[in-house]
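*Asks:* Before I ask anything, here is the structure I am working with.
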Amino acid sequence: MPTTETLRSELERITAQADEAIDIAEAALVLASADHPAPDLQVYRDHLKAVADAVAEAAEAASLEPDTAAPEDMAAVLSRVLAHDFHYSGDEDTYDDLDNANFMRVIDRRKGLPVTLGILYLAAARAQGWGAAGLNFPGHFLIRLESRDGRRIILDPFHGGRLMEAPQLRELLKVMSGAAVELEAGHYKPVSNRDILVRLQNNVKTRRLELGESEGALEALACMQVLSPDNPALFREAGVIHMRLGRLKHAVEAFENFVAHAPEGPDRAKIGKVVNELRERLH
């Protein structure tokens, strides 16, 4: 059974690469192992290869070539293989189940969150040489497929890979963010592999906190800090959890890191005062 230190070292090795070189599915498996230890990841790697091979076979049967394939045809192949042949679907009945945020358990159960399912779609599409990216859409992870000549479509991995055009995106946005919110260019912006993995792990952290599992939430945050070491908000979150647990020394350390990395402003000043107050309590 791999140790926590081994898994952390493997995650650091993966994320030390250039972002475009990161194997997002492999990184998701490593994160899943940190939260749900497994004796061997090879069975999951073999499954991912089987999915990619099935997509390749379906693409060949449909006469799709990477240089000329239309994004609509790519989406049709992906959804047919993943949603219909392998029976992957969004877990609408037990959405907040922690297993939905664990990539291994998603493979085991064939259901999960938008981001975990999205990683499957991304890995399968990229294995074919297709242009595929996650989008910066709030509250619901979406995939963009792009042909070599620049044509693009958006699909929803949570709902069987259905295509999402402007009316559907607008409706989804209002459900996620409120009736007054409108689509804007930023919602179509692709996100990095590291950002997708942070989003994945944020789901683990959130569910751990909801379950009252502070230690698990801190472990999730530690993984997020490996993925995004310059994100000051992660230090602040860790400090709050440590403070609630009465670990004032650890809270001070986390908050000091937040102050050191955060931009100047009211938030940094507020946390600076908290650090001073905690130091007084420690003495």
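The values are calculated or read from the model by the stated rules, or taken from the named source; none is laboratory data. Since we're looking at a predicted model, the values are computed, not measured. Neighbour counts are summed over all protein chains in view; Cβ atoms, including those assigned to glycine, are modelled from backbone coordinates with ideal geometry.
*Asks:* Filter the range 158-209 down to residues that are small (Gly, Ala, Ser) and either under 22 Å from the mean Cα position of the chain (by Cα) or not assigned by TED's automatic domain parsing to the domain that holds ASP23 (or both) and give me whichever is surrounded by the most Cβ atoms within 10 Å (Cβ to Cβ).
*Replies:* GLY161
*Asks:* Hey, LEU211 hits all of (1) at pLDDT 90 or above; (2) closer than 27 Å to ILE143 by Cα; (3) in contact with a helix residue (DSSP H, G or I) (Cβ under 8 Å, 6 or more places away or on another chain); (4) not β-branched (Val, Ile, Thr) but one; which does it fall short on?
*Replies:* (2)
*Asks:* Among the residues of the range 150-164, which ones are under 10 Å from HIS140 (Cβ atoms) and without any contact (Cβ under 8 Å) to a residue 60 or more places away in the chain?
*Replies:* Selection gives ASP156, MET164.
*Asks:* Right, another one. Which residue out of ALA61, ALA101 is over 21 Å from ALA28 (Cα atoms) and either surrounded by 19 or more Cβ atoms within 10 Å (Cβ to Cβ) or without any contact (Cβ under 8 Å) to a residue 12 or more places away in the chain (or both)?
*Replies:* On inspection, the qualifying residue turns out to be ALA61.
*Asks:* Look at the range 30-50 and say how many of its residues are under 15 Å from VAL226 (Cβ atoms) and either without any contact (Cβ under 8 Å) to a residue 40 or more places away in the chain or of a type outside the set (Ser, Thr, Tyr) (or both).
*Replies:* Of all residues in the range 30-50, those under 15 Å from VAL226 (Cβ atoms) come to 30-35.
Retained after the next criterion (residues that are either without any contact (Cβ under 8 Å) to a residue 40 or more places away in the chain or of a type outside the set (Ser, Thr, Tyr) (or both)): 30-32, 34-35.
The total comes to 5.
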